[in-house]
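What follows is a short report on a single structure.
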């Protein structure tokens with residue numbers, strides 16, 4: 001069940017769902033980052049949410065799930081492509097996170113992290129004709145899952161229930177939705193089916209979501225229901241940074257400035273803002289970098 005997203009439907013009922021479970025991709029995403037547990041877990045939930053969002057759409061491009069708050073967490077960004085390549089980053093006040101109160105009430109840690117005046121922004125940048133869509137909603141409720149439900153209700157007009165969970169090892173999510181225009185012919189049957197689906201997701205908790213295979217999870221949440229589970233798609237961590245991109249950035253910065261940093265620090269280190277991977281250029285690397293640029297005409301262009 002590692003690093004997969006899978007779709008399922010309720011047979012002869014206007015309800016669909018998606019499930020995602022991450023292990024290797026979640027670990028790889030944090031290889032060069034060390035997040036406090038509270039920030040780590042919320043980031044893992046956001047990563048799972050970005051995959052679920054991408055799975056509900058038909059597009060080719062990149063979906064960006066962004067949370068901005070006024071609490072200990074300033075910014076959280078998770079990106080997922082149409083073929084489920086993901087990356088993510090969180091920005092936070094380390095002192096404020098360290099001083100979080102140990103309040104165990106439902107949603108207390110979430111609200112301390114994100115504050116009282118935050119928003120979720122979902123941006124879809126499609127490859128076709130450079131199309132771009134953006135939806136913005138205020139943070140709602142006492143969890144990221146409730147905020148995501150509010151996004152679907154406001155921006156997509158789709159009744160949706162969401163369950164998200166993450167820890168140091170796993171990130172996971174489950175989503176059920178009532179299909180668009182489902183009420184047209186048999187509104188009472190549709191209402192009953194949707195109520196049944198909501199009760200099912202309420203039977204589950206974070207422990208179920210993180211540890212159970214999807215077949216067992218669905219059997220626990222929706223016992224006796226006729227569900228069809230489709231083949232899964234792999235989910236991978238993939239950042240867009242590379243040595244070549246960083247080299248282009250340094251050339252654009254200029255030889256004099258780069259050599260000044262080299263002289264002062266003994267090496268030039270550039271860290272990717274998303275994955276925190278460091279790229280180190282020593283004296284030999286810098287010499288090669290600018291000798292190659294001169295051989296190519298010294299354009300300094302970034303490719």
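If you count the DSSP beta bridges with both ends in the chain, what percent of them are antiparallel, to the nearest 5?
On the way: 59 of 61 bridges.
Taking every DSSP beta bridge with both residues in the chain, the antiparallel ones total about 95 percent.
If only Cα atoms are counted, what is the Rg of the chain, and what is its Dmax, in Å?
22.3, 75
Taking the beta-carbon count within 10 Å as an exposure proxy, list 284, 109 from fewest neighbours to most.
Arranged by neighbour count, lowest to highest, 284, 109 become 284, 109.
When the gyration tensor of the range 243-295 is built from Cα positions, what are the square roots of 5 times its three eigenvalues, in whole Å, from largest to smallest?
Numbers: eigenvalues 60, 35, 17 Å².
Semi-axes, largest first: 17, 13, 9 Å.
With the alpha-carbon atoms as the only input, what is the per residue convex hull volume for the range 31-182 in Å³?
Working: hull volume 17.3 nm³, N = 152.
Taking only Cα atoms, the range 31-182 has a hull volume of 114 Å³ per residue.
Take each of the peptides 20-26, 95-101, 82-88, average the number of other beta-carbon atoms within 10 Å over its residues, and list them starting from the highest. Before the final figure, lay out each step's value.
Details: 20-26: 23.9, 95-101: 12.1, 82-88: 20.6.
For the peptides 20-26, 95-101, 82-88, the packing ranking is 20-26, 82-88, 95-101.
Pairing the Cα long axis of helix 187-202 with the longest principal axis of the chain, what angle in degrees results, from 0 to 90 and rounded to the nearest 10?
Helix 187-202 sits at roughly 60 degrees to that axis.
When the helices in the chain are scored as -39500 (n - 2.57) per DSSP H run of 4 or longer and the sum is shared across all residues, what 222 nm value do you end up with, to the nearest 500 deg cm²/dmol? Walk me through the intermediate numbers first.
Values: 11 runs with 110 residues, N = 303.
Using -39500 (n - 2.57) per qualifying helix, the result is -10500 deg cm²/dmol.
On average over all directions, what projected area in square nanometres does the range 1-92 have, based on the convex hull of its Cα atoms? Don't jump to the answer; show the numbers that get you there.
Details: hull surface 28.1 nm².
Result: a mean projected hull area of 7.0 nm².
Given the Cα atoms of the range 223-270, and with Rh set as the inverse mean 1/r over their pairs in the Kirkwood sense, what is Rg to Rh to two decimals? The partial results should precede the final answer.
On the way: Rg = 23.3 Å, Rh = 15.0 Å.
Over the Cα atoms of the range 223-270, Rg/Rh equals 1.55.
Helix 37-55 sits at what angle to the longest principal axis of the chain, using alpha carbons and giving 0 to 90 degrees rounded to 10?
Helix 37-55 sits at roughly 70 degrees to that axis.
For the Cα atoms of the chain, what angle does the longest principal axis make with the long axis of helix 283-295, in degrees from 0 to 90, nearest 10?
80 degrees
What is the Cα centroid distance between the range 36-53 and the range 122-174, reported in whole angstrom?
When both Cα centres are located, 11 Å separates them.
Taking neighbour Cβ counts within 10 Å as the exposure measure, how do 35, 133, 151 sort from fewest upward? Intermediate results must be reported in sequence, preceding the final value.
Numbers: 35 18, 133 14, 151 26.
So the ranking, lowest neighbour count to highest, is 133, 35, 151.
Specify, per residue and in Å³, the volume enclosed by the convex hull of the alpha carbon atoms belonging to the range 120-194.
Details: hull volume 10.3 nm³, N = 75.
Spelled out: Cα convex hull of the range 120-194, divided by residues, is 138 Å³.
No lab work stands behind these numbers, since they all come straight from the coordinates. Please read all numbers here as calculations on a predicted model, not as lab measurements. Every residue, glycine among them, receives a Cβ derived from its backbone with ideal geometry; neighbour counts consider all protein chains shown.
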